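Chemist: Please see the structure below; I have some questions.
The values are calculated or read from the model by the stated rules, or taken from the named source; none is laboratory data. Since the model is a prediction, treat every value here as computed from it, not as a measurement. Cβ: placed from backbone, ideal geometry, glycine included. Neighbour counts: every protein chain shown. What goes into the accessible areas is simple: the full protein's heavy atoms, side chains included, and nothing from ligands, DNA or RNA. Shrake-Rupley method; radii C 1.70, N 1.55, O 1.52, S 1.80 Å.
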Amino acid sequence: MKPNWSDPAASEEFSTALRRWLGVRDPNSPRSVEHPAEARLLPRILAIGASTGGPQALAQVIQQLNLEQPPPIVIVNHIQEGFSRQLAEELDRASPLVVREARDGDALQSGVALLAPGGRHLEIVKDGRHRIAQLSKSPAVHSCRPSVDVLFESLVPTFGKLALAVILTGM
């Protein structure tokens with residue numbers, strides 16, 4: 001689903017679909033999970049990938065994530081070194097969540113979105129009972145570092161089917 005961000009109806013449709021995936025059908029109602037079995041299937045992490053033209057789409061999505069108990073959020077935007085900190089600060093101002101540039105060893109937390117720094121891959125790894133951010137300067141993947149492929153691949157052993165991955169593009 002690729003919404004037209006200039007169309008408010010399309011933007012709302014995307015936001016509604018994302019809330020449904022996260023287990024919240026209506027932002028103005030209390031929890032909407034109808035059966036306890038469904039609660040076990042809610043995502044434990046939201047991973048967002050955005051292309052070079054993705055900051056506008058990313059800002060639209062982040063503004064809409066006003067959830068009671070949001071999962072940890074990790075973001076890779078294909079962006080050059082030196083620009084990711086500013087992007088994280090702009091997203092933080094626009095969002096009800098805390099958004100900041102990821103640091104090596106950051107523990108994942110509900111309500112906190114970690115943005116991969118430009119020039120560094122972001123992976124999620126297990127550290128005992130915790131899941132943490134691991135940054136690396138390993139080779140670029142498909143000419144990108146950070147690469148959304150690296151992030152998404154790291155979610156399989158750490159979260160399996162309890163990860164929700166979203167790809168955005170603003171181009």
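Chemist: Give segment 65-86 a look and list any residue that's surrounded by 18 or more Cβ atoms within 10 Å (Cβ to Cβ) and either modelled with pLDDT under 85 or not small (Gly, Ala, Ser) (or both), or say none. Lay out the reasoning, then the answer.
Modeler: To start, the set of residues in segment 65-86 that are surrounded by 18 or more Cβ atoms within 10 Å (Cβ to Cβ) comprises 65, 67, 70-79, 84.
LEU65, LEU67, PRO70, PRO71, PRO72, ILE73, VAL74, ILE75, VAL76, ASN77, HIS78, ILE79, listed by residue number.
Chemist: Determine if segment 149-159 includes at least one residue that is open to solvent by less than 60 Å² (accessible area, probe 1.4 Å), within 20 Å of GLY53 (Cβ to Cβ) and of a type in the set (Phe, Trp, Tyr).
Modeler: Taking every residue of segment 149-159 in turn, at least one turns out to be open to solvent by less than 60 Å² (accessible area, probe 1.4 Å), within 20 Å of GLY53 (Cβ to Cβ) and of a type in the set (Phe, Trp, Tyr).
Chemist: If I filter segment 134-148 down to residues being of a type in the set (S, T, N, Q), open to solvent by 20 Å² or more (accessible area, probe 1.4 Å) and in contact (Cβ under 8 Å) with a residue 12 or more places away in the chain, which single residue comes out as nearest to GLN63 (Cα to Cα)? I'd like the intermediate steps shown before the answer.
Modeler: Initial filter on segment 134-148 (of a type in the set (S, T, N, Q)): 134, 136, 138, 143, 147.
Pick out the ones that are also open to solvent by 20 Å² or more (accessible area, probe 1.4 Å) and you get 134, 136, 138, 143.
Pick out the ones that are also in contact (Cβ under 8 Å) with a residue 12 or more places away in the chain and you get 134, 136, 138.
Values: GLN134: 26, SER136: 29, SER138: 32 Å.
Once the filter is applied, the top-ranked residue is GLN134.
Yes or no, residue by residue, for (1) among the basic types (Lys, Arg); (2) touching a Phe, Trp or Tyr at 6+ places or on another chain (Cβ under 6 Å); (3) in a loop (DSSP other than H, G, I, E, B):
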residue	(1), (2), (3)
GLN60	no, yes, no
GLN63	no, no, no
PRO71	no, no, yes
LEU135	no, no, no
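Chemist: How many of the residues in segment 91-107 are part of a helix (DSSP H, G or I) and surrounded by 15 or more Cβ atoms within 10 Å (Cβ to Cβ)? Please lay out each step first, then the result.
Modeler: Our first condition is that a residue be part of a helix (DSSP H, G or I); within segment 91-107, this holds for 91-94.
Subset that is surrounded by 15 or more Cβ atoms within 10 Å (Cβ to Cβ): 91-92.
Going through segment 91-107 one residue at a time, the tally reaches 2.
Chemist: Go through segment 108-133 and give me each residue that's within 25 Å of GLN63 (Cβ to Cβ) and either part of a strand (DSSP E or B) or open to solvent by less than 70 Å² (accessible area, probe 1.4 Å) (or both). Quick ask: steps written out before the conclusion?
Modeler: So in segment 108-133, the residues within 25 Å of GLN63 (Cβ to Cβ) come out as 108-118, 122, 124, 133.
Matches in segment 108-133: LEU108, GLY111, VAL112, ALA113, LEU114, LEU115, ALA116, PRO117, GLY118, LEU122, ILE124, ALA133.
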